[in-house]
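Here is the structure we will look at, set down as structure tokens.
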Amino acid sequence: MRTIQMTIDEPLLNEVDQTIQELHTTRSEFIREALKLALRRYHIAKLEQQHEEGYRATPADANDDVVEWEDVQHWGAE
């Protein structure tokens with residue numbers, strides 16, 4: 001692991017310090033977990049954006065999904 005230095009405003013630091021006391025952890029561990037969560041959220045948002053762009057480039061036909069399953073559908077009583 002590497003040691004880094006960062007600047008953080010006083011109210012945020014106070015909130016972090018209160019939270020780490022409740023969680024019985026350290027600032028470093030709390031900030032590491034917060035960064036992991038932020039990176040995970042970023043990657044999910046990026047994938048969602050790619051997904052959206054894909055649908056814009058090739059819109060799905062509303063009937064495509066239904067047509068594929070018409071022959072195998074079973075409604076019970078006929």
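No lab work stands behind these numbers, since they all come straight from the coordinates. All values reported here derive from a predicted model rather than from experimental measurement. Here the Cβ positions follow ideal geometry from the backbone for every residue, glycine too, while neighbour counts run over all protein chains shown.
Could you list, in sequence order, all residues of the range 24-50 that are part of a helix (DSSP H, G or I) and touching an Asp or Glu at 6+ places or on another chain (Cβ under 9 Å)? Working first, answer last.
Step one: filter the range 24-50 for residues part of a helix (DSSP H, G or I), giving 27-50.
R27, the sole residue that qualifies.
What pairs come up if the first residue lies in the range 16-29 and is farther than 18 Å from Q5 by Cβ, the second is in a helix (DSSP H, G or I) and of a type in the set (D, E, K, R), and their beta carbons are under 7 Å apart, counting only those six or more places apart or on different chains?
I20/R27
Restricting attention to the range 1-17, which residues are in a helix (DSSP H, G or I) and either surrounded by 10 or more Cβ atoms within 10 Å (Cβ to Cβ) or small (G, A, S) (or both)?
The initial filter retains those residues of the range 1-17 that are in a helix (DSSP H, G or I), namely 10-17.
Those that are in a helix (DSSP H, G or I) and either surrounded by 10 or more Cβ atoms within 10 Å (Cβ to Cβ) or small (G, A, S) (or both): L13, N14, E15, V16, D17.
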